[in-house]
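Quick notes on the structure that follows.
The values are calculated or read from the model by the stated rules, or taken from the named source; none is laboratory data. The structure displayed is predicted, hence computed values, not measured ones. Cβ: placed from backbone, ideal geometry, glycine included. Neighbour counts: every protein chain shown.
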Amino acid sequence: PSLDAFIAGLPKAELHLHIEGSLEPELMFALAQRNRIALPFKSVEEVRAAYEFSNLQDFLDIYYQGADVLRTEQDFHDLAKAYFDRAHADSVRHAEIFFDPQTHTDRGIPMSVVMDGLTSGMKAAEAEYGLTSKLILCFLRHLDEDAAFATLKAAEPFLDRLTGVGLDSSEVGHPPSKFTRVFDAAGALGLKKVAHAGEEGPPEYVHEALDILKVDRIDHGNRSLEDAHLTSRLARLGMTLTVCPLSNLKLCVVTDMAQHPIRTMLNKGLRATLNSDDPAYFGGYVNDNYRAVAASGLVDRDDLITLARNSFLGSFLGDAEVFRHL
Ligand code: ADE
Ligand code: ZN
């Protein structure tokens, strides 16, 4: 098959996807109309034109603003189902999706509305496509520890629907160590732990995520490569990195796709995976990310198979389910 067809048909898992970041401008307009909300944009084209970012914070400002159209259980259901429709078209068999409850509860949306809408979208995708999914609650790291604890408490009635906790939003100045106690509490509840680290922040933040938060995966992890000891430690641990090439390009974490660290990560024996992060904002879903690194000449077909295989190995599926996919 052609490279495009090879990528399109390659069964894969997606492990780094913010569901609020899958809100396409068309759905944003539809929800704004349904909820009678005035948007600061006149058209879908105007929204897309605003998606030019010079760093993570630039993006986050517009991403939190976009999420304001999400109000009802049906909105969260529609958001999730739209993502799963796209993921299914990309041969995604399993997805572990992030959500940012604080973005919603701080606007007065109850946790139950968010949870019920997202989980009904997940159920619909499994029924329609056999696409399985898990939910990871992310704490916003620019907010304080008390707010994270309040969020964990609000989520406790829904514990059976959560697989793990994560840490996202503005990285620099908000090290993993700020959330030591809340990650300990989440671990005690039986939740898995992941954290964004080494996207814009230094290798020290990746060390903290491992040593202090005791994470099961690192989200991004790009800057780990600046530290040779950290790099060999990640390889030795078989630690999964959820890498997001188009995100890195749009947020100026890399200057050009040919400079992307994915090649070095594979050379160093790191268990890297490819993911879309916030596909509606970064110009592509997971297959677009596979195509982008392949087109830049960084990886060949064998590498693409390795990356897809890593996505199942790095998932929170049980061994029997992982083997079913390999
Ligand atoms: N929230 C959504 N996408 C994010 C990213 N790439 N980094 C940090 N926080 C995020
Ligand atoms: Zn992310």
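Of 36, 93, 48, which residue is more than 14 Å from ligand 1 (Cβ to nearest atom), touching a residue at least 12 places away in the same chain (Cβ under 8 Å) and outside any helix (DSSP H, G or I)?
On the way: 36 fails: touching a residue at least 12 places away in the same chain (Cβ under 8 Å); 48 fails: outside any helix (DSSP H, G or I).
Exactly one residue qualifies, and that residue is 93.
Under 7 Å between Cβ atoms, which residue pairs at least 6 apart in sequence (or on different chains) link something in region 142-170 that is part of a loop (DSSP other than H, G, I, E, B) and of a type outside the set (Ser, Thr, Tyr) with a partner that is at pLDDT 95 or above and more than 16 Å from ligand 1 (Cβ to nearest atom)?
The qualifying pairs are 162/155; 162/191.
Being under 13 Å from the mean Cα position of the chain (by Cα) and farther than 18 Å from residue 59 by Cβ is the filter; apply it to region 193-220 and report the residue that is surrounded by the most Cβ atoms within 10 Å (Cβ to Cβ).
Residues of region 193-220 that are under 13 Å from the mean Cα position of the chain (by Cα), as a first pass: 194-197, 199, 217-220.
Now drop any that are not farther than 18 Å from residue 59 by Cβ, which leaves 194-195, 217-218.
On the way: 194: 27, 195: 30, 217: 25, 218: 27.
Of everything passing the filter in region 193-220, 195 is surrounded by the most Cβ atoms within 10 Å (Cβ to Cβ).
Can you tell which of 198, 238 is within 12 Å of ligand 1 (Cβ to nearest atom), modelled with pLDDT of 95 or more and within 24 Å of residue 312 (Cβ to Cβ)?
Details: 238 fails: within 12 Å of ligand 1 (Cβ to nearest atom).
Unique residue meeting the criteria: 198.
Restricting to region 285-309, name every residue that is assigned to a loop (DSSP other than H, G, I, E, B) and either of a type in the set (Lys, Arg) or surrounded by fewer than 19 Cβ atoms within 10 Å (Cβ to Cβ) (or both).
Taking region 285-309 first, the residues assigned to a loop (DSSP other than H, G, I, E, B) are 285, 296-300.
Those that are assigned to a loop (DSSP other than H, G, I, E, B) and either of a type in the set (Lys, Arg) or surrounded by fewer than 19 Cβ atoms within 10 Å (Cβ to Cβ) (or both): 296, 297, 300.
Given the options 183, 149, 158, 179, name the one that is of a type in the set (Phe, Trp, Tyr) and over 30 Å from residue 123 (Cα atoms). Steps first, please.
On the way: 183 fails: over 30 Å from residue 123 (Cα atoms); 149 fails: over 30 Å from residue 123 (Cα atoms); 158 fails: over 30 Å from residue 123 (Cα atoms).
Result: 179 is the single residue among 183, 149, 158, 179 that is of a type in the set (Phe, Trp, Tyr) and over 30 Å from residue 123 (Cα atoms).
Pick from 263, 181, 217: which is farther than 21 Å from residue 100 by Cβ, at pLDDT 95 or above and away from ligand 1 (no atom under 12 Å from the Cβ)?
Numbers: 181 fails: farther than 21 Å from residue 100 by Cβ; 217 fails: farther than 21 Å from residue 100 by Cβ.
Of 263, 181, 217, the one residue that is farther than 21 Å from residue 100 by Cβ, at pLDDT 95 or above and away from ligand 1 (no atom under 12 Å from the Cβ) is 263.
Given the residues 158, 149, 139, which is the only one that is at pLDDT 95 or above, touching a helix residue (DSSP H, G or I) at 6+ places or on another chain (Cβ under 6 Å), within 14 Å of ligand 1 (Cβ to nearest atom) and more than 28 Å from residue 91 (Cα to Cα)?
139
Let me confirm something: among 166, 173, which residue is closer than 24 Å to residue 56 by Cβ and either buried (at least 23 other Cβ atoms within 10 Å of the Cβ) or in contact with a strand residue (DSSP E or B) (Cβ under 7 Å, 6 or more places away or on another chain) (or both)?
Values: 173 fails: either buried (at least 23 other Cβ atoms within 10 Å of the Cβ) or in contact with a strand residue (DSSP E or B) (Cβ under 7 Å, 6 or more places away or on another chain) (or both).
Exactly one residue qualifies, and that residue is 166.
Can you tell me which residue in region 269-284 is surrounded by the most Cβ atoms within 10 Å (Cβ to Cβ), limited to those that are part of a loop (DSSP other than H, G, I, E, B) and within 16 Å of ligand 1 (Cβ to nearest atom)? Let's see the steps before the verdict.
Let us first name the residues in region 269-284 that are part of a loop (DSSP other than H, G, I, E, B), namely 269-270, 275-276, 278, 283-284.
Adding the requirement that they be within 16 Å of ligand 1 (Cβ to nearest atom) leaves 275-276, 278, 283-284.
Values: 275: 29, 276: 31, 278: 26, 283: 17, 284: 20.
Top of the filtered list is 276.
Within region 96-121, can you find the residues that are without any contact (Cβ under 8 Å) to a residue 60 or more places away in the chain, among the hydrophobic types (A, V, I, L, M, F, W, C) and part of a helix (DSSP H, G or I)?
Initial filter on region 96-121 (without any contact (Cβ under 8 Å) to a residue 60 or more places away in the chain): 101-102, 104-117, 119-121.
Okay, now just the ones that are also among the hydrophobic types (A, V, I, L, M, F, W, C), so 109, 111, 113-115.
Of everything in region 96-121, those that are without any contact (Cβ under 8 Å) to a residue 60 or more places away in the chain, among the hydrophobic types (A, V, I, L, M, F, W, C) and part of a helix (DSSP H, G or I) turn out to be 111, 113, 114, 115.
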